[in-house]
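**Q** Okay, here's the structure, questions in a sec.
The values are calculated or read from the model by the stated rules, or taken from the named source; none is laboratory data. Just so it is clear, the structure is predicted and the values come from calculations on it, not from any experiment. Here Cβ is always computed from backbone atoms with ideal geometry, including for glycine, and neighbour counts include all displayed protein chains. The protein model used for the area step is the full one, side chains on, heavy atoms only, and it has no ligands, DNA or RNA in it. Shrake-Rupley method; radii C 1.70, N 1.55, O 1.52, S 1.80 Å.
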Amino acid sequence: MNLARNMTVSAILLGAFAITGTGLLALTHQATRERIAQNERELLLRTLNELVPGTERDNDPYSDITQVLEPGALGSDKPVTVYRARKEGQPVAAIINAVAPDGYSGRIGLLVAVRYDGTLAGVRVTAHRETPGLGDAIETSRSDWILGFDDKSLDNPRPRGWRVKRDGGEFDQFTGATVTPRAIVRAVFNTLRYFESNREAMFAPAQGGQEPGETIDDA
Amino acid sequence: MTPSYGQVIRDGLWSNNPGFVQLLGLCPLLAISNTMINALGLGLATTLTLVASNVTVSLIRNFVRPEIRIPVFVMIIASVVTAIELAMNAYFHELYKILGIFIPLIVTNCAIMGRAEAFASRQNVGRAFVDGLAMGVGFTIVLLLLGTMREVIGFGTLLQRADLMFGEGAQWLSVTLFADYRGYLLAILPPGAFIGLGLLIAIKNIIDGKLEKRKKAVTLETAGAAAT
């Protein structure tokens, strides 16, 4: 009898602590949620601006988005967001939030900006867990490597050249880290190929209640 | 046994330092001490966690039954760390991105659980607070020493990316010691952290040995003086 009572009291105490802890967390979450979302948004906006500067477009790519689901080419089994830049209604560039699924430590999130003519406006890394000091040279704050993609396209270099140098291609690897750049080169190449064959659909207006993933009838 | 406040501070900073003596929390210590700013960020977050968890544990020490104290401590520490993680994400967003997984992993820093169980659950709130602060600062100092060593040798800079912590206006704090330094990879990678920590502990042991000798000499002298 006494044992049962003891256990009940302990359980209630534990429960009380769990509820208090959860309550505190809910409050903190509530207090910081908006600020965190704003931070994420600002970071994204800054990167989008770097890739396609305001002088080259007159719309807001952040609100002109569409989503595509293409696990093979874009590396993610979830829908991938595409930000579209336009000028006077004409498509300028698509910034595709692709994923390099085979980094040294898992997935590498990318923003691949492709101009309408198929050349790259630039590539940036948004999220990664590569080795500090080795694989993290893909960040612009650590090295200029990722800027090497600027103005490249499917014909420049030729498809055989879309590899790191060690594999006979044209892109540098880092000392001590080949897996990371290899994964990114492959992901950018796949994204470019996907862009080439889906260019028009990618710039199709998504407004007017068009659900992501819905087929476009008049295409 | 209730230690004096001075004793508590001395323990945390030197004689029972979590990084040098207890060798607790080595995983974040070794992983995040590659630059001074990273070290400082993680050190401060850990200190905050230690203080908050020590104070809470001490406050509730008389209500919690011994059988459930460990899960209760775990819940307290986890809540504190998650709250700090959210706050860092909101106010030091870029630093948060760099420290990444090591912020939530503060939960698993055994130094925190160790202090809750060994100290805070037996002492009053004041002592628990001072202990948390001293242990946290002690841990931060080790992180910073290691971070400075590794940053200077590995990157040839001091306080690089100071803007992550102190805002855009603090970029002048970053110093490049050697222009055109190609970097020394060993210092940046985990082996460099192990070697660096080993050296620091060795230095501490040398100092401790010297202090011990001097103490003995003084006792001998006084003994000699008393004999004559």
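**Q** Working carefully through the options B:Phe119, B:Phe194, B:Phe129, find the one that is open to solvent by less than 50 Å² (accessible area, probe 1.4 Å) and at pLDDT 80 or above.
**A** B:Phe119
**Q** On to the next question. Out of all the residues in the range A:30-39, which are more than 8 Å from chain B (Cβ to nearest Cβ) and not hydrophobic (A, V, I, L, M, F, W, C)?
**A** Correct list: A:Gln30, A:Arg33, A:Glu34, A:Gln38.
**Q** For the range B:60-69, does any single residue satisfy the condition of being of a type in the set (A, V, I, L, M), in contact (Cβ under 8 Å) with a residue 40 or more places away in the chain and in a helix (DSSP H, G or I)?
**A** No: zero hits.
**Q** While we're on this one: Given B:Pro28, B:Pro3, B:Pro18, which one is in contact (Cβ under 8 Å) with a residue 12 or more places away in the chain and closer than 17 Å to B:Ile195 by Cα?
**A** After ruling out the rest, the residue left standing is B:Pro28.
**Q** Next up: Check B:Leu133, B:Leu99 and return the single one that is in contact (Cβ under 8 Å) with a residue 60 or more places away in the chain, in a helix (DSSP H, G or I), closer than 22 Å to B:Leu26 by Cα and within 14 Å of another protein chain (Cβ to nearest Cβ). Break it down into steps so the answer makes sense when it comes.
**A** Numbers: B:Leu133 fails: within 14 Å of another protein chain (Cβ to nearest Cβ).
None of the others qualify; the one that does is B:Leu99.
**Q** When the range B:1-40 is examined, which residues are found to be open to solvent by less than 40 Å² (accessible area, probe 1.4 Å), in a loop (DSSP other than H, G, I, E, B) and farther than 24 Å from B:Leu99 by Cα?
**A** If the condition is that a residue be open to solvent by less than 40 Å² (accessible area, probe 1.4 Å), in a loop (DSSP other than H, G, I, E, B) and farther than 24 Å from B:Leu99 by Cα, then B:Pro3 is the only one that fits.
**Q** Could you list, in sequence order, the residues of the range A:177-207 that are open to solvent by 70 Å² or more (accessible area, probe 1.4 Å) and over 18 Å from A:Ala100 (Cα atoms)?
**A** Matches in the range A:177-207: A:Glu196, A:Ser197, A:Arg199, A:Glu200, A:Pro205, A:Gln207.
Matching residues to (1) among the charged types (D, E, K, R); (2) closer than 30 Å to B:Gly183 by Cβ; (3) open to solvent by less than 30 Å² (accessible area, probe 1.4 Å):
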site: B:Leu42; (1), (2), (3): no, yes, yes
site: B:Val55; (1), (2), (3): no, no, no
site: B:Val72; (1), (2), (3): no, no, yes
site: B:Glu85; (1), (2), (3): yes, no, no
site: B:Met88; (1), (2), (3): no, yes, yes
site: B:His93; (1), (2), (3): no, yes, yes
